[in-house]
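Student: Just passing along the structure, written as structure tokens.
The values are calculated or read from the model by the stated rules, or taken from the named source; none is laboratory data. Note that the coordinates shown come from a computational prediction; the quantities given were computed from them, not determined experimentally. All Cβ positions, glycine included, derive from the backbone under ideal geometry; neighbour counts span all protein chains shown. When the accessible area is computed, the model is the full protein with side chains, heavy atoms only, and any ligands, DNA or RNA have been set aside. Shrake-Rupley method; radii C 1.70, N 1.55, O 1.52, S 1.80 Å.
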Amino acid sequence: GNQSVGDESLPDGAPRFFTYKAKWDAAYRKKWNIRAGAPKDLDAATETRIAETARKAYHALQVTGYARVDVRVTPSGEIWVIEVNPNPGLAAGDEFAKAAARGDIPYETLIDRIVQLAATRYSSKTM
């Protein structure tokens, strides 16, 4: 249906679409009490369900290599896939690298792994 997802905590009158300002403008986020970033209080079962959902979305779209899957979890625990980005930014301060760091993968290791996977995939196609 037309049910909103992820905006249950926004005050009346707050915008219901998360725009450039909602992501990058700290004063705007503060004004509307918009929280961005990874939650800090997920239980292990929810984390597992998110990982499974992200893998399913990745495979359903036949993505290869690295990608970032953005999800939202509703207060009732439903997981919604917002975006599958097959070419997320790789700079150390970008969200992909930050997510890897939350998973205890240092930036240098992340980049090395992406290069190794690409080299393996490329060499298997040229043989």
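Student: Please give the FRET efficiency for residue 91 paired with residue 31, using the beta carbon to beta carbon distance and R0 = 25 Å, rounded to the nearest 0.05.
Tutor: Working from the Cβ atoms, E equals 0.35.
Student: Just by accessible area at a 1.4 angstrom probe, what is the order of 80, 24, 32 from largest to smallest?
Tutor: Accessible-area ranking of 80, 24, 32, largest first: 24, 80, 32.
Student: Pairs of alpha-carbon atoms within less than 8 angstrom and 6+ residues apart define the contacts here; what relative contact order does the stretch 52-92 have, in percent?
Tutor: Dividing the mean separation by the residue count of the stretch 52-92 yields 38 percent.
Student: For the stretch 81-90, just list the computed ³J(HN,Hα) in residue order, Karplus coefficients 6.51, -1.76 and 1.60, θ = phi - 60°, integers in Hz, with x standing in for Gly and Pro.
Tutor: Along the stretch 81-90, the couplings run 7, 8, 7, 10, 9, x, 8, x, x, 10 Hz.
Student: Most fluctuating residue of 69, 115, 84 in a GNM of the chain with Cα springs under 10 Å: which is it?
Tutor: 115
Student: I've got another one for you. Which one, 64, 109, 19, has the greatest fluctuation when you compute a Gaussian network model over the chain with C-alpha springs under 10 angstrom?
Tutor: Of 64, 109, 19, the most mobile in the Gaussian network model is 19.
Student: Residues of the chain: accessible area per residue at 1.4 Å, in Å²?
Tutor: 76 Å²
Student: Related question: Using a 1.4 Å probe, how large is the accessible area of residue 53, given in Å² and rounded to the nearest 10?
Tutor: In the full protein context, residue 53 sits at about 40 Å².
Student: Same structure again: Over the chain, calculate the relative contact order: mean separation of alpha carbon pairs under 8 Å at least 6 apart, over the residue count, as a percent.
Tutor: 15 percent
Student: Quick one: dipole size for the stretch 25-124, taken about the Cα centre, charges +1 on Lys/Arg Cβ and -1 on Asp/Glu Cβ, in debye to the nearest 20.
Tutor: Approximately 220 debye in magnitude.
Student: How about residue 30: which lysines have a C-alpha closer than 23 Å to its C-alpha, ignoring those fewer than 8 places off in the same chain?
Tutor: Those lysines meeting the cut-off are 21, 40, 98.
Student: Which order do you get for 71, 81 if you rank them by accessible area with a 1.4 Å probe, largest at the top?
Tutor: Per-residue accessible area, sorted high to low, gives 81, 71.
Student: Continuing with this model, one more query. In the stretch 37-109, what percent of the accessible surface is made up of carbon and sulfur (1.4 Å probe, ligands and nucleic acids excluded)?
Tutor: Heavy-atom surface of the stretch 37-109 belonging to carbon and sulfur, 1.4 Å probe: 54 percent.
Student: Something else: With angles folded into 0 to 90 degrees, how steeply does helix 107-126 sit against the dominant principal axis of the chain? Use alpha carbons for both and round to 10.
Tutor: 50 degrees
Student: Now, a different point. How much solvent-accessible surface does residue 102 expose, in Å² to the nearest 10, with a 1.4 Å probe and all protein chains in place?
Tutor: 150 Å²
Student: Just to verify a number: FRET efficiency for residue 43 and residue 82, C-beta to C-beta distance, R0 = 22 Å, to 0.05?
Tutor: Result of the calculation: an efficiency of 0.55.
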